[in-house]
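To start, the structure under review is shown below, and the notes come after it.
Bear in mind that the values in this text are calculations on the coordinates, not laboratory data. This is a predicted model, so every value here is computed, not measured. Heads up, the Cβs are rebuilt from the backbone with ideal geometry, glycines too, and the neighbour counts pull from every protein chain shown.
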Amino acid sequence: IYVLWRLIYLPDFGILNTLIGKFGALLHLPLKGPNWLQDEAWAKPALIIMSIWQSVGGYHMILYLAALQGVPRDLYEAAEIDGANSWQKFWSVTWPQISPTTFFIATMSIIGGFQGGFEQAYIMTGGGPNGATTTIIYYIYKNFYEWQQMGYAAAISWFLFLVIFIITLLNWRAFGKVIHYY
């Protein structure tokens, strides 16, 4: 995926800049796409766009589909007998039934956000340009494997663990009350 996106982001021959140029030609404007992975201003947004594309669907969609299949049909029938419309069935039946899955996905996404980005930084940009795409995991990697600063890398790792742990606890405390367990 990362190699494919490197090709998409090529400044002269990449499909994204080609599409931007063709769109500009339709509007009779000389539009030219940026140098996505070599420009400090565009490197991080380019990786974010790719990450969003990568995370849409996939794992989260499978979890939601499984959660939706687990909603008992009897609850929908009871809501229909009570005169609930589609919107009321969603908020009174579907949402409470899939709220544990939503909480799990949100929590894991927060954790993944803190831990993510190593592959993109390593494969696509090498942490550059000028450190614009260096993530904390990539920084830990550089300290440990390239600069041989094992103690410093371990300290950063522990700090990252504590930050993720505290945010997970805060997430649990804030949103754990709205989860409906059946």
For n ≥ 4 DSSP H runs only, could you compute -39500 (n - 2.57) per run for the chain, divide by its residues and tell me the 222 nm figure to the nearest 500?
-19500 deg cm²/dmol
Principal axes of the range 15-97: Cα extent on each, largest first, Å
61, 28, 19
Just want to confirm a number: the relative contact order over the chain, from Cα pairs under 8 angstrom separated by 6+ residues, in percent.
20
About the Cα centre, charge dipole magnitude for the range 57-182 (Lys/Arg +1, Asp/Glu -1 at Cβ), debye
300
P(r) for the range 61-117: what percent of alpha-carbon pairs falls in each 10 Å bin, starting at zero?
23, 40, 23, 11, 3
Quick one: if you stick a label point 7 Å off each Cα along the C-beta vector at N85 and H28, how many nm between them?
4.8
Between A154 and I48, Cβ-based FRET efficiency (R0 30 Å, step 0.05) works out to 0.60
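Please work out the Kirkwood hydrodynamic radius for the chain, using every pair of different C-alpha atoms, and report it in angstroms with one decimal place.
On the way: mean 1/r = 0.0499 Å⁻¹.
For the chain, the Kirkwood estimate is 20.0 Å.
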